[in-house]
Amino acid sequence: MRLLLLSLLLLSTMLRSEEQASDPLEQLTSYFFAAARTGDVVVLNEFLQQGFPVDQRNSQSYTALMVATYAGQQQAVELLLQQGADACLRDKRGHTAMMGAIVKAEWTIGKILYPIDCKEDKSVDAKTPVTDKEKMTVAQFAAVFGQSEKLQQLAEDIQAKQQAGRD
């Protein structure tokens, strides 16, 4: 048991020293993404006010907007968008923040992201086979995850709200 505890202590010390030796930008990026993941808008705002790039990517190719969306952090999503985050950026798998909202069934956040025009080919039917993941539409993505009906309902709700605002 003592040997196990000693091994764990040694391992944690080694990991800590590796973290300290890492690139300062990597450390800042890690803190920025932690704030997005936990919805700490005070910390996010401080980073952004100090000039940290809102669309900085982490080592997995995600942006803070993608991470905040996936974690269900609506206030962080709103702040990042207000500060100019690009909701149309895609990760290494070709997914956008809206696609993350679909995967996690974050429909409240989806209502914020869906109206953003990402210049998708709106004529592409959800049932059209995906040949290029970089061009996959939100409708195709929703179909892959069995969320087409929810996406359609979300689109109709947004359209109704926009129509009511014009009346």
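What follows is calculated from the coordinates using simple rules that are stated; it is not laboratory data. Since the model is a prediction, treat every value here as computed from it, not as a measurement. Every residue, glycine among them, receives a Cβ derived from its backbone with ideal geometry; neighbour counts consider all protein chains shown.
Working from label points 7 Å from Cα in the Cα-to-Cβ sense, the E156 to D55 distance is 3.4 nm. Cβ crowding within 10 Å, taken as a proxy for footprinting-reagent exposure, orders I102, I112, I158 from fewest neighbours to most as I158, I112, I102. When R166, R90 are arranged by Cβ crowding within 10 Å, least crowded first, meaning fewest neighbours, the order is R166, R90. In whole Å, what is the distance between the alpha-carbon centres of the stretch 26-68 and the stretch 69-113? The stretch 26-68 and the stretch 69-113 have Cα centres separated by 13 Å. Backbone phi angles across the stretch 72-81, fed through the Karplus curve with coefficients 6.51, -1.76 and 1.60 (θ = phi - 60°), yield HN-Hα couplings of x, 9, 4, 5, 5, 4, 4, 4, 4, 5 Hz in residue order; Gly and Pro are listed as x. Which links in K104/K133; K133/K161; K104/K150; K135/K161 stretch past 22 Å when you go from one Cα to the other? With Cα atoms farther than 22 Å apart: K133/K161; K135/K161. Rounded to whole numbers, the Karplus 3J(HN,Hα) couplings from phi for the stretch 83-92 are 8, x, 4, 8, 6, 8, 4, 10, 7, 5 Hz, using 6.51 cos²θ - 1.76 cosθ + 1.60 with θ = phi - 60°, and x at Gly and Pro. Going from the fewest other Cβ atoms within 10 Å to the most, the residues T108, T63, T38 appear in the order T108, T38, T63.
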